[in-house]
Every structure is written in C-alpha cells, then in structure tokens.
Amino acid sequence: MKYEFFVAKRYLTAKRKQAFISVITFISVLGITIGVMALVIALGLITGFQSDVQDKILGATSHVMVSDLTGEGLKDYSSMISKIRKVKGVKNASPVAYSTVLLKGPYKNTGAMLKGIDFELEKKTSSWLRELERGNIPSPKAARPGMLLGREMAVEIGAGVGDVVTVLTSSSRLSPLGMMPKTKRFVVSGIFQTGLYEFDSSTAMIPLESAQKLFEMGDRVSLIQVKIEDIFKASQIEKRFKEILPSETYVTTWMELNESLFSALKLEKTVMFFTITLIVVVAALNIIATLILMVMEKTRDIGILMAMGATSQNIRKIFFFQGAIIGIIGTSLGVGLGLLWCWLANTFQLIKVPVDIYQISYVPFYIKPLDMGLIIGVTLLVSFLSTLFPSYRASRVDPVDALKYE
C-alpha cells in the first residue's frame with residue numbers, strides 16, 4: 001500500500017480532537033449517498049414507466065402500419081404482405097379489417113373497436129393472444145361465429161365466455177320498418193388481457209373473414225400491421241416499404257403515433273437527471289470544505305512529511321485519495337440503497353397509479369446499465385474534481401512556516 005493512500009485513510013478513520021471535521025466528512029458521504037440514491041430511483045422510475053408503457057403499447061398494436069390513402073381499404077393485400085415479409089427485419093405481417101361498432105351485452109351497451117384479424121398469424125408474435133385469460137380463440141368451424149373481448153370491456157358489458165353479444169354496425173339495411181342498422185350476433189369464446197387499459201377496454205376481435213363480410217369490404221382489408229425485430233429501426237423499414245409498395249398506400253410507424261408521449265418522457269428524464277445531479281454537486285462542495293479544514297488542521301503534519309522528503313505531488317495525492325474515498329463510499333452506498341428501493345418497489349408494487357390514466361397499475365423501476373454507468377461516472381467525476389483545489393492548497397504549504405513554532 002502506497003503511503004499516500006495509507007495516510008489519507010488514516011486521516012479519515014483515526015480519532016481526532018476536532019470532531020467537527022468528522023461530522024463534515026460524514027455529511028459529505030451522506031450527501032453523495034442521498035444524491036446518488038435519488039438519481040438511481042428517479043432514472044429507474046422514468047425508464048421503468050417508459051419501458052412498461054412502450055411494451056404494452058407495442059404488445060397490443062403493430063410497429064408499422066400500411067393503410068390505404070383513399071379510405072376504401074387495401075385490395076390485393078396478399079401480394080403486399082408477400083413483399084413486406086421479404087424486407088429484412090420484418091417478423092410478421094397480417095391483415096386487419098376494423099370498424100367502430102356498438103356492442104350490446106347482457107347488462108350494458110358500449111361502443112367498441114371491432115377488429116377482424118388472422119388469429120393464426122397474430123399468435124406468432126402476440127403472447128397475450130397465445131395465453132388468453134379465459135376461453136379460446138374463435139373456431140371457424142363453430143356453429144355460431146365467435147368473438148374475443150378485452151378484459152375491461154367484458155367486465156363493463158357484463159359478458160363472459162359463452163355469452164351472446166350483438167354487434168350493431170354503422171352500415172344500414174332496408175327493412176319493412178325502414179333503414180335499420182346491420183346487426184350480427186357473436187358468442188364470446190374468450191377473454192384477453194394485454195395490460196394496456198385503453199386497448200382492453202375498447203377492443204373486440206373476430207376472424208378476418210367474418211369482419212370482411214360484416215363490414216361489406218369484399219376482398220379488401222383496412223390495413224396491414226407489421227411486427228419488426230428492432231422497434232427502433234421502424235423509420236428505416238418505413239422508407240423501404242414506400243419503395244416497394246404502391247403509391248396509394250400510406251405507411252406509419254409506432255414512433256409517429258406515440259411521438260409526443262415518448263418525447264415528453266425522454267425530456268423529463270433528461271431534466272430530472274440534471275436537476276438531481278445538483279444534489280451531488282452540493283455534496284461535492286462539502287467534500288471541498290472537509291478537505292480545506294483538513295489541510296488547516298494537518299498543516300504541521302504536512303510540514304513534517306515535506307521535511308522528510310515528500311514532494312508536492314505526494315501531498316496532493318494524500319488529499320486526492322481522501323476526497324476519492326468519500327466519493328467512492330458515498331457512491332457505493334447510494335447505488336446500493338437506490339437498487340434496494342427499486343427492488344422493494346417492484347416486488348411489493350409500492351407505488352400504485354390509476355390504471356385508466358397511466359395504462360399501468362403500479363410504477364415499475366428499471367435501471368439500464370448505461371444509466372447506471374452514467375450515474376456512477378458523473379458522481380465520481382464530480383467527487384474527484386472537488387479534490388483539486390484543496391489538494392493544491394495542501395501542496396503549497398511551506399514546511400518552514402508549518403514547523404516554525406513547533
């Protein structure tokens with residue numbers, strides 16, 4: 001062990017006559033600890049919230065959507081899907097026919113988004129469809145056409161598996177009583193839950209062929225939804241789609257649909273990081289005060305060391321090591337306590353939020369390795385920089401003046 005580090009550790013751990021410096025040292029460590037802990041918790045909260053909402057949104061919807069500019073629907077969609085699947089990075093592409101309808105349940109009526117999908121294709125990339133909360137996917141061989149309901153919607157209209165639900169569409173038919181809304185009865189074959197409240201409370205699903213017939217779309221579909229391997233390459237894949245698809249098609253990505261939400265979360269995360277970093281900076285000022293007082297108290301010791309041959313660089317190292325030890329201890333405690341809090345909050349779901357507003361039932365905490373590295377790096381950098389001035393002052397002590405009255 002180099003003697004500079006030994007002396008620095010001795011100054012921090014040995015009992016002193018001036019307990020005031022010990023108190024300031026403790027406050028410095030505590031300040032760094034609180035600052036780092038606050039950073040870990042704050043970034044964990046923002047990252048966890050963003051990741052959870054993002055996963056739920058993308059789990060229930062598509063990454064890229066291809067629709068028709070005219071609003072009449074996509075024709076010859078099978079050939080388009082074949083072209084889309086050949087694009088590098090595409091996991092799955094499936095047709096969707098949808099419309100807004102009125103659902104008449106056993107106890108209540110409500111508006112809904114009725115989607116016709118190819119269940120076999122969707123099951124490949126949608127875990128919530130493979131693991132329904134109750135029931136089964138509608139069978140095309142069933143005597144009466146089946147329907148899947150979102151969990152929240154099923155609760156709202158009072159429908160369970162096996163119940164009959166009547167669908168009223170916006171299209172009308174001529175009857176002896178005049179123009180009447182077109183209706184169709186479906187049996188609820190299953191209940192799904194994606195975890196996205198807005199989706200689960202407003203969506204019902206039926207087989208694609210049933211939807212095309214109900215909405216009188218013929219061989220057209222409303223859109224093609226595409227799942228890709230890397231969600232952050234959606235913009236690149238969008239450009240590729242525009243090159244290979246007809247000019248009358250319109251391509252949009254999940255980033256464009258949710259741009260305002262994720263931009264706000266990203267900005268909030270950045271602002272919060274810099275705001276809470278100020279706590280670490282204030283704690284660093286305590287390190288400066290501690291080391292300056294240490295220099296004043298240890299002037300005689302510095303003079304003796306320099307008289308014995310210690311150089312200015314050796315003296316600087318002693319006080320640099322003191323500040324570094326304070327910074328490392330405070331950072332380690334802060335990281336440990338911050339991670340402990342995040343684990344407790346996730347395990348026991350400590351922070352509950354209204355699911356109908358935030359789309360999640362509790363606030364999750366998730367720390368990315370990059371964020372953790374940034375927190376540790378910034379804190380240690382601030383701690384190390386705070387040692388420069390006190391260590392410089394210590395190295396400028398004149399041994400003759402320091403020992404003049406000894």
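Given the options S28, S67, L39, identify the residue whose Cα lies farthest towards the positive end of the charge dipole of the stretch 1-138 (+1 on Cβ of Lys, Arg; -1 on Cβ of Asp, Glu). The listed residue farthest towards the positive side: S28. Pop a pseudo-label 7 angstrom from the Cα along the beta-carbon direction at both F262 and M296 and give the gap in nm to one decimal. Distance between the two pseudo-spin positions: 5.4 nm. Using +1 on the beta carbon of Lys and Arg, -1 on that of Asp and Glu, and nothing else charged, what's the dipole of the chain about the Cα centre, debye to 20? Value, rounded to 20: 800 debye. Placing +1 on the Cβ of every Lys and Arg and -1 on the Cβ of every Asp and Glu, with nothing else charged, gives the stretch 1-101 a dipole about its Cα centre of roughly 900 debye. What the phi angles of the stretch 257-262 give under the Karplus curve with 6.51, -1.76 and 1.60, with θ = phi - 60°, is a coupling list of 5, 10, 4, 5, 5, 6 Hz, glycine and proline written as x. When the Cα positions of V164, G48, M147 are compared along the charge dipole of the chain, G48 comes out farthest toward the positive end, with charges on each C-beta of Lys, Arg, Asp and Glu. With the simple model of a label 7 Å out from the Cα in the direction of the Cβ, N314 to K123 spans 7.8 nm.
Among (1) 33.6; (2) 28.0; (3) 21.1, find the value of mean projected area of the Cα convex hull in nm² that was calculated from the structure presented, and write down its label. Of the labelled values, this structure produces (2). From the alpha carbon centroid of the stretch 288-315 to that of the stretch 73-121 is 75 Å.
Considering only T110, T253, T194, the mean-square fluctuation computed in a Gaussian network model of the chain, springs between alpha carbons under 10 angstrom, is largest for T110. May I ask you to list the residues of the stretch 22-56 whose amide nitrogen lies under 15 Å from a point 7 Å from Cα along the Cα→beta-carbon direction of W341? So the set is 30-48. Put in order of Cβ neighbour count within 10 Å, fewest first, the listed residues L196, L245 become L245, L196.
Taking the inverse of the mean 1/r over every pair of distinct Cα atoms in the stretch 87-154 gives a Kirkwood hydrodynamic radius of 14.0 Å. Note that the stretch 96-101 has calculated 3J(HN,Hα) couplings of 9, 10, 9, 6, 7, 9 Hz, one per residue in order, obtained from phi through the Karplus relation 6.51 cos²θ - 1.76 cosθ + 1.60 (θ = phi - 60°); glycine and proline are x.
Take the alpha-carbon positions of the stretch 211-253, form their convex hull, and give its projected area averaged over all directions (one quarter of the hull surface) in nm². In nm², the orientation-averaged hull projection of the stretch 211-253 is 3.9. One chain, two ends: T100 and V23. Fully extended at 0.36 nm per residue, the span grows by 21.0 nm beyond their Cα-Cα distance. Rounded if a/c is under 1.5, else prolate if a/b is larger than b/c, else oblate: which is the stretch 221-283, with a ≥ b ≥ c the root eigenvalues of its Cα gyration tensor? Judged from the Cα gyration tensor, the stretch 221-283 comes out prolate (a/c at least 1.5, a/b above b/c).
One equal scatterer on each Cα of the stretch 70-247, no solvent, Debye formula: the resulting log10 I(q)/I(0) at q = 0.08, 0.15 Å⁻¹ is -0.27, -0.91. For the stretch 213-250 versus the stretch 357-398, the spacing of their alpha-carbon centroids is 45 Å.
Read the figures in this text as sums done on the coordinates, not as results from a lab. This one's a predicted model, so the numbers in the text were calculated from it and none came from an experiment. Cβ coordinates were reconstructed from backbone atoms using ideal geometry, including for glycine residues, and neighbour counts include every protein chain displayed.
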